[in-house]
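**Student:** I'd like to ask some things about the structure below.
The values are calculated or read from the model by the stated rules, or taken from the named source; none is laboratory data. None of the values given here were measured: they were computed from a predicted structure. Here Cβ is always computed from backbone atoms with ideal geometry, including for glycine, and neighbour counts include all displayed protein chains.
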Amino acid sequence: MRSVTVVLLAVALCAMPLGAGAAEGPEFPEYSGTEFQALYEYAISNTLAALETPAGQEPVTGNAELDERIWGAAFDRGYRLQPTANGELVSVAGVPMQPGAAEAWLALREEAHTAGMGFTVSSAYRSPASQRAQFLSKLEGTSDSAISAALRWYSLPGTSKHHAGYALDFRYPSGTFGEFRSTPDYAWLAADNFAVPKRHGLIPSYPDDVENQGPNPEPWEFVWVGTALVYCGIPQAMGLTVEGPAAAVIHDLERCPGGMGAASLPEWLG
């Protein structure tokens with residue numbers, strides 16, 4: 001039944017050319033949480049630039065036995081190794097990020113200010129060393145419960161989407177991350193299946209309706225995958241069984257990221 005649904009959505013897209021009228025904007029597909037995740041996983045392995053394959057499990061505490069327990073608990077929660085940025089980053093108000101994410105954020109910020117929203121970006125690129133320090137600052141003890149409590153909100157070094165430089169944390173300058181969900185700003189971002197962020201190539205990083213994705217859902221974190229990929233969905237080779245979110249079986253497939261190629265994911269991500 002899922003294949004039929006995706007095929008019908010793809011057929012519906014055939015009537016909409018890429019780059020539809022700028023005044024109205026293109027109609028983007030609606031995605032579930034797992035489909036948003038799949039878009040990002042496809043992007044980091046196929047379309048996003050300046051990324052370096054993760055080296056493997058990073059040391060956390062320096063205690064090999066304890067680190068093994070921590071990594072085991074992290075993988076059980078669904079954490080995955082993530083790539084790191086290896087190109088030149090752009091600083092926006094002192095926050096380093098990938099150029100594509102920076103351009104998207106500046107455009108979104110202008111639209112948000114016009115709509116009366118006041119959120120800002122507090123964090124984007126984060127090195128594995130910085131992530132290690134953050135995790136250790138929240139690890140209160142070595143028990144299984146202490147490890148589990150820290151992993152609810154804090155990634156291990158090497159598993160944060162911030163390492164790639166395409167993840168953005170939104171918040172009020174005077175507020176906390178936990179408060180962001182209940183703000184008018186989040187309601188504005190989340191309306192109509194995140195229609196406003198999608199126009200700028202941004203999608204939720206840890207959606208509500210996904211289990212075992214690592215941390216608990218984080219409504220403040222968004223990742224940039226590019227507007228074209230959000231519009232097209234994950235490309236699939238013509239003639240293959242359609243699987244995955246909003247497969248781009250459309251008349252203009254060659255203009256979508258990935259062209260006619262089938263979707264692929266690297267071994268380290270799987």
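**Student:** Being in contact with a helix residue (DSSP H, G or I) (Cβ under 8 Å, 6 or more places away or on another chain), surrounded by 16 or more Cβ atoms within 10 Å (Cβ to Cβ), at pLDDT 95 or above and among the charged types (D, E, K, R): is that true of Arg109 here? Please lay out each step first, then the result.
**Tutor:** Working: in contact with a helix residue (DSSP H, G or I) (Cβ under 8 Å, 6 or more places away or on another chain): no; surrounded by 16 or more Cβ atoms within 10 Å (Cβ to Cβ): yes; at pLDDT 95 or above: yes; among the charged types (D, E, K, R): yes.
So Arg109 fails the test.
**Student:** Residue pairs, Cβ under 7 Å, 6 or more apart or interchain, first in the stretch 200-221 and closer than 18 Å to Ala101 by Cα, second among the hydroxyl-bearing types (Ser, Thr, Tyr). List them.
**Tutor:** Once the first residue is closer than 18 Å to Ala101 by Cα and sits in the stretch 200-221, its partners that are among the hydroxyl-bearing types (Ser, Thr, Tyr) give His200/Thr227; Gly201/Thr227; Ile203/Tyr40; Pro219/Tyr186; Glu221/Ser205; Glu221/Tyr206.
**Student:** How about the stretch 128-164: which of its residues are touching a strand residue (DSSP E or B) at 6+ places or on another chain (Cβ under 9 Å) and basic (Lys, Arg)?
**Tutor:** Here is the first cut: in the stretch 128-164, the ones touching a strand residue (DSSP E or B) at 6+ places or on another chain (Cβ under 9 Å) are 128, 153, 158, 160-164.
Of everything in the stretch 128-164, just one residue is touching a strand residue (DSSP E or B) at 6+ places or on another chain (Cβ under 9 Å) and basic (Lys, Arg), namely Lys161.
**Student:** Within 27 Å of Glu211 (Cβ to Cβ) and without any contact (Cβ under 8 Å) to a residue 60 or more places away in the chain: is that true of Gly72 in this structure? It would help to see each step written out before you state the result.
**Tutor:** Values: within 27 Å of Glu211 (Cβ to Cβ): yes; without any contact (Cβ under 8 Å) to a residue 60 or more places away in the chain: yes.
The answer is yes for Gly72.
**Student:** Let me ask something else about it. Is it the case that Phe170 is in the same structural domain as Leu89 (by TED's automatic domain parsing), touching a Phe, Trp or Tyr at 6+ places or on another chain (Cβ under 6 Å), closer than 26 Å to Ala50 by Cβ and of a type outside the set (Lys, Arg)? Lay out the reasoning, then the answer.
**Tutor:** On the way: in the same structural domain as Leu89 (by TED's automatic domain parsing): yes; touching a Phe, Trp or Tyr at 6+ places or on another chain (Cβ under 6 Å): yes; closer than 26 Å to Ala50 by Cβ: yes; of a type outside the set (Lys, Arg): yes.
Here the answer is yes, as Phe170 does meet what is asked.
**Student:** Among the residues of the stretch 78-101, which ones are among the aliphatic types (A, V, I, L, M) and either at negative phi or touching an Asp or Glu at 6+ places or on another chain (Cβ under 7 Å) (or both)?
**Tutor:** Applying the first criterion (among the aliphatic types (A, V, I, L, M)) to the stretch 78-101 yields 81, 85, 89-90, 92-93, 95, 97, 101.
Of everything in the stretch 78-101, those that are among the aliphatic types (A, V, I, L, M) and either at negative phi or touching an Asp or Glu at 6+ places or on another chain (Cβ under 7 Å) (or both) turn out to be Leu81, Ala85, Leu89, Val90, Val92, Val95, Met97, Ala101.
**Student:** Let me ask something additional. Given the condition within 22 Å of Ala190 (Cβ to Cβ) and hydroxyl-bearing (Ser, Thr, Tyr), answer yes or no: does some residue in the stretch 102-119 qualify?
**Tutor:** Yes: the stretch 102-119 contains one or more residues that are within 22 Å of Ala190 (Cβ to Cβ) and hydroxyl-bearing (Ser, Thr, Tyr).
**Student:** Taking into account only those residues within the stretch 66-100 that are hydroxyl-bearing (Ser, Thr, Tyr) and surrounded by 15 or more Cβ atoms within 10 Å (Cβ to Cβ), which is nearest to Ala146 (Cα to Cα)? Break it down stepwise before answering.
**Tutor:** Initial filter on the stretch 66-100 (hydroxyl-bearing (Ser, Thr, Tyr)): 79, 84, 91.
Next cut, surrounded by 15 or more Cβ atoms within 10 Å (Cβ to Cβ) only: 79, 84.
On the way: Tyr79: 17, Thr84: 27 Å.
Selected residue: Tyr79.
**Student:** Identify all residues within the stretch 168-189 that are out of contact with any helix residue (DSSP H, G or I) (no Cβ under 8 Å at 6 or more places or on another chain), buried (at least 17 other Cβ atoms within 10 Å of the Cβ) and among the hydroxyl-bearing types (Ser, Thr, Tyr); write none if there are none.
**Tutor:** Thr183
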